[in-house]
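The values are calculated or read from the model by the stated rules, or taken from the named source; none is laboratory data. Please read these numbers as outputs of a predicted model, since none were measured by experiment. A quick note on method: Cβ atoms are made from the backbone with ideal geometry, for glycine too, and the neighbour counts reach across all protein chains shown.
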Amino acid sequence: RPSVSGTPGLARSAAPAADTAILRVAAYNIRHGRGMDGRVDLRRTAEAIGRLDADVIALQEVDRETERTGGVDQTAVLAGMLGYRGYHGAHRPYQGGEYGNAVLTRLPVLASRTH
């Protein structure tokens, strides 16, 4: 049962009502697809993300068309492998492409923009 503790003014959370939808949100640092063995393997990254079974996933350290990852748009590839919609947010230019964060979602998105 979810709860909030140690925060003045906030009561413990009750169990969700029967008619309440549950939204599963996760964050995952993909480290530009590089595993602990040093290999870039987006299929393996997609398998790990898929095990989260989240509706919305915030990804960190995502490459888009950089030299180090072979010019691949990692957000688009992962979204395609998982059947999600993908949105990339560039943090900075890097090796001929962009380095930043991404959001993958199963849900419809009405609008998106990068600041």
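For the range 15-74, a tally of residues being part of a strand (DSSP E or B) and of a type in the set (Ser, Thr, Tyr) returns 1. Checking Leu52, Leu42 one by one, the residue that is in contact with a helix residue (DSSP H, G or I) (Cβ under 7 Å, 6 or more places away or on another chain) and either in contact (Cβ under 8 Å) with a residue 12 or more places away in the chain or crowded, with 17+ Cβ neighbours inside 10 Å (or both) is Leu42 and no other. With respect to (1) in a helix (DSSP H, G or I); (2) out of contact with any Gly (no Cβ under 7 Å at 6 or more places or on another chain), the lone exception for Tyr87 is condition (1). The residue that is surrounded by the most Cβ atoms within 10 Å (Cβ to Cβ), counting only those in the range 10-31 that are modelled with pLDDT of 95 or more and not β-branched (Val, Ile, Thr), is Tyr28.
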